[in-house]
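Since every read-out is calculated from the coordinates, none of them should be taken as a lab result. Treat the numbers as computed from the prediction; the structure is a model and nothing was measured.
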Amino acid sequence: MVTYPSSDPWAALADGSRRAIVRRLAAGPLAVGELARELPISRPAVSQHLKVLKSAGLVCDRAAGTRRVYHVDPDGIAALRAELDSFWGRALHAYQEIVEQEAQPT
């Protein structure tokens with residue numbers, strides 16, 4: 001049995017199909033069928049991937065007649081960006097400290 005991440009956006013994005021779905025949704029809202037036509041995976045697989053992305057807070061959906069239309073959740077993407085910005089800030093600071101230590105005469 002396959003287990004899926006429930007709320008970790010990084011784990012959700014570890015899958016190439018889910019990254020492809022997020023890239024497509026970044027261009028605009030799409031229904032499951034529209035996504036399935038654009039991707040080399042089945043409609044049920046797209047639905048399962050969307051479930052994982054929604055649980056991770058990366059996509060939202062809304063009713064549009066008899067279908068659900070999905071779009072990127074800006075808050076979820078902003079949270080990922082904040083984590084990346086924090087990571088790179090710490091990494092660059094650590095690198096700066098190393099360079100400065102090596103530049104000091106011994």
Item checked: Relative contact order of the chain, defined on C-alpha pairs under 8 angstrom at six or more residues apart (%) -> 26
Checklist line | Potential lengthening between residue 83 and residue 101 on full extension [0.36 nm per residue; Cα-Cα distance subtracted] | finding: 3.8 nm
Checklist line | Whole-angstrom gap from the stretch 75-106 to the stretch 17-43, using each part's C-alpha centre | finding: 34
Check: Which three lengths, in whole Å and largest first, does the stretch 9-103 cover when its Cα atoms are put on their principal axes?
Finding: 64, 24, 21
Next item on the list: Give me the number: length gained by fully extending residue 63 to residue 11, i.e. 0.36 nm times residue separation minus the C-alpha to C-alpha distance, one decimal in nm.
Entry: 16.0 nm
